[in-house]
Amino acid sequence: MRGLLVASLVVCLGASAAAKQVKSREIRVPGGAAWLDTGIDVAAGEKFLLTAEGQLTYAGSASPVRPEGLPRNWRDLLRNYPVNAAGLGALIGRIGEGAAARPFLVGSRWEGIAPIRGRLFLGLNQAGSETAEGEFKVKFEQLEAPATAPENKDVELPSLTQETFDNEIPLRVHDAGGAPGDRVNFVIVGSEERVTSALGAAGWVQVDRDVGDALVAAILTSISKQAYLTMPMSELYLFGRPQDFGYAHADPIQVVAERHHFRLWKAPFTLDGHAVWVGAGTHDIGFERDQRDGKITHKIDPDVDKEREFIGESLIETGMVAKAEYLSHKYPITEAKTAHGGEFHSDGRTLILYLRP
């Protein structure tokens with residue numbers, strides 16, 4: 001795992017792809033396909049157009065499905081779709097094949113700019129058990145060749161020194177009673193506007209602050225026939241206060257038991273005028289008993305480094321990260337327990353992500 005994100009960042013932000021750029025190509029996406037490898041590598045900054053036609057037929061549905069997908073219905077609340085806001089059978093795409101690659105709605109027409117370099121995949125917005133008859137015919141057209149990406153050395157960035165890291169950033173968060181919890185495993189340097197924009201582009205959503213907010217959000221989500229993704233998370237503390245933001249990145253059907261999530265605090269210092277955001281991320285994988293009070297709580301994946309890498313990869317995929325590096329505290333935490341008693345382990349490193357100004 002060591003160095004994988006840094007290597008990924010070099011690929012994402014480096015010069016245009018060495019492979020020959022595809023000007024135009026037609027692709028057939030069958031109803032039985034999961035993710036179809038188009039064989040097309042797009043470069044960061046490349047502008048391209050996707051147009052689609054054709055129709056699919058799902059068992060039990062009398063309505064033919066066009067590339068825009070079927071209108072959502074109440075059953076959609078119980079289905080796990082790659083693009084939560086789109087209907088069944090819609091044509092979708094993604095760039096890259098990593099776990100953090102974010103699917104997007106293509107429909108009958110999509111035009112845009114690739115934020116990163118990677119392989120283009122096309123698929124259908126459907127649950128894993130669903131399949132359809134028919135196919136979509138899709139045309140790829142390059143509209144503008146990518147410009148040469150700026151080198152990292154041309155971007156003026158602050159630097160988090162080892163001394164500042166050791167002395168100003170706590171190792172762990174804690175609960176309201178002061179019990180130590182999750183370890184701090186990533187830091188983002190950039191303005192609040194840039195941070196929230198990057199997280200939004202990476203598919204992270206802000207969770208509701210309390211139960212009242214959650215009730216309203218759940219009702220509105222049901223009205224729009226989308227799955228509810230913004231279930232609140234408990235408050236933990238850093239720098240003497242609860243998290244400034246809570247973010248989640250989840251599959252709709254699994255959000256109650258399983259989701260990627262993290263808490264984020266704004267540090268009480270800046271780097272050359274740039275805001276510093278300190279995060280603690282874990283991956284919920286089920287439930288267990290809270291050793292403090294015996295109640296049921298979420299169980300996290302004990303390998304917390306996986307979530308650190310997932311968060312980093314998701315942000316790098318947006319093309320908004322200028323530099324990624326790791327720092328290890330002078331007293332690194334490699335094994336410990338969360339505030340509710342769950343064990344976790346780590347290589348002790350913290351990921352530092354610098355956003356482009």
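Which order do the peptides 123-129, 239-245, 40-46 come out in when sorted by mean C-beta neighbours inside 10 angstrom, highest first?
Details: 123-129: 18.0, 239-245: 15.4, 40-46: 21.1.
Going by the mean number of other Cβ atoms within 10 Å, highest first, we get 40-46, 123-129, 239-245.
If a paramagnetic tag sat 7 Å from the Cα of D347 along the Cα-Cβ line, which residues of the range 309-330 would have the backbone N under 14 Å from that point?
309-310, 312-313, 325-329
Please state the charge dipole magnitude for the range 20-144, taken about the Cα centre, from unit charges on C-beta atoms (+1 on K and R, -1 on D and E), reported in debye and rounded to the nearest 20.
It works out to roughly 140 debye.
May I ask you to work out the translational diffusion coefficient for the range 62-147 at 20 °C, viscosity 1.002 mPa s, via Stokes-Einstein with Rh from the Kirkwood sum over Cα pairs, reported in whole µm²/s?
Value of D from the Cα-based Kirkwood radius: 152 µm²/s.
Remind me, relative contact order of the range 20-144 in percent, using alpha carbon pairs under 8 angstrom and six or more residues apart?
Taking the mean separation of contacting Cα pairs over the length of the range 20-144, I get 46 percent.
Starting from the amide H of L124, placed 1.01 Å from N in the peptide plane, find each other amide H under 5 Å away whose residue is 5 or more places distant or on another chain.
I92
First select every other residue whose beta carbon is under 10 angstrom from the beta carbon of L160; then total the charges, Lys and Arg +1, Asp and Glu -1.
Neighbourhood net charge equals -3.
How much net charge surrounds T51 when only the other residues with a Cβ under 14 Å from the Cβ of T51 are counted, with Lys and Arg +1 and Asp and Glu -1?
+1
Just rank L236, L105, fewest to most, by other beta-carbon atoms within 10 angstrom.
By the 10 Å Cβ count, ascending, the order reads L105, L236.
What is the order of V276, V321, fewest Cβ neighbours within 10 Å to most?
Ranking V276, V321 by Cβ neighbours within 10 Å, fewest first, gives V276, V321.
How high is the FRET efficiency from E156 to E111, r the C-beta distance, R0 45 Å, rounded to 0.05?
On the way: r = 32 Å, r/R0 = 0.72.
Between E156 and E111 the formula returns 0.90.
So what's the net charge close to R28: Lys and Arg +1, Asp and Glu -1, counting the other residues with Cβ under 15 Å from its Cβ?
Working: positive: R25, K137, K139; negative: E26, D37, E53, E133, E135.
My count for the surroundings of R28 gives -2.
Could you pull out the pairs from K139/K323; K47/K139; K306/K330; K306/K337 whose alpha carbons sit more than 25 Å apart here? Numbers along the way, then the final one.
Values: K139/K323 35 Å; K47/K139 14 Å; K306/K330 22 Å; K306/K337 17 Å.
Among K139/K323; K47/K139; K306/K330; K306/K337, the Cα-Cα distance tops 25 Å for K139/K323.
At a Förster radius of 22 Å, what calculated FRET efficiency corresponds to the Cβ-Cβ distance of T131 and A62, to the nearest 0.05?
That pair, T131 with A62, gives E of 0.80.
No lab work stands behind these numbers, since they all come straight from the coordinates. Worth saying up front: this structure is predicted, and the values here are computed from it rather than measured. Methodologically, a virtual Cβ is constructed for each residue, glycine included, from the backbone with ideal geometry; neighbour enumeration extends over all protein chains shown.
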